[in-house]
Amino acid sequence: MAGPSLAGGGTRKKARIEIIPLIDVIFFLLATFVLFTLSLNKSNGVAGINLPMSETGENRDPAGTVTISVTDAGTIAWNKDYISLAEFIDRLKTYKAAEPDGRILINGDEGALFNAALYVFDEARKSGFQKIFIETKVRPASAR
């Protein structure tokens, strides 16, 4: 006899595990995980901003807050939309009319010029906003 026989007279086939569909599923799960973690960005500012570190940072409530980003190149973004300086002033006035007690969060890159962040701060104060915050990362205890 050449191999094990079955009741029907046939031979038992060897089981095969197909690895290609398994690899496809793993890559799909990996891609889903990466996209999901990228969407967990808490900031409403533009991507790629490298925030400065601070020891005294506090958690914030994002409700009723507009994030104004200042990039290292000196450009300004309203939430995630890049805008010109003239449009920035117009949006500040419109936001103040809609939300008299609104909050402004300045999200500036650590490589941005201080003058650009100061301009955003001054214009927000001129528009009448009293609640203006600067977004930072919390410095780890080992870096102190």
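Structure notes:
- For segment 122-143, a tally of residues being modelled with pLDDT under 75 and part of a helix (DSSP H, G or I) returns 3.
- Test: residue in segment 98-110 that is at pLDDT 85 or above and part of a helix (DSSP H, G or I): yes
- Of the residues making up segment 86-105, those that are loosely packed, with under 13 Cβ neighbours inside 10 Å and of a type in the set (A, V, I, L, M, F, W, C) are Ala86, Ala97, Ala98.
- Residue among Asn50, Asn79, Asn59 that alone is under 18 Å from the mean Cα position of the chain (by Cα) and modelled with pLDDT of 80 or more: Asn79
The values are calculated or read from the model by the stated rules, or taken from the named source; none is laboratory data. What you are looking at is a predicted structure, and each value in this text was computed from that prediction instead of being measured. Positions of Cβ are generated from backbone atoms using ideal geometry, with glycine treated the same way; all protein chains shown enter the neighbour counts.
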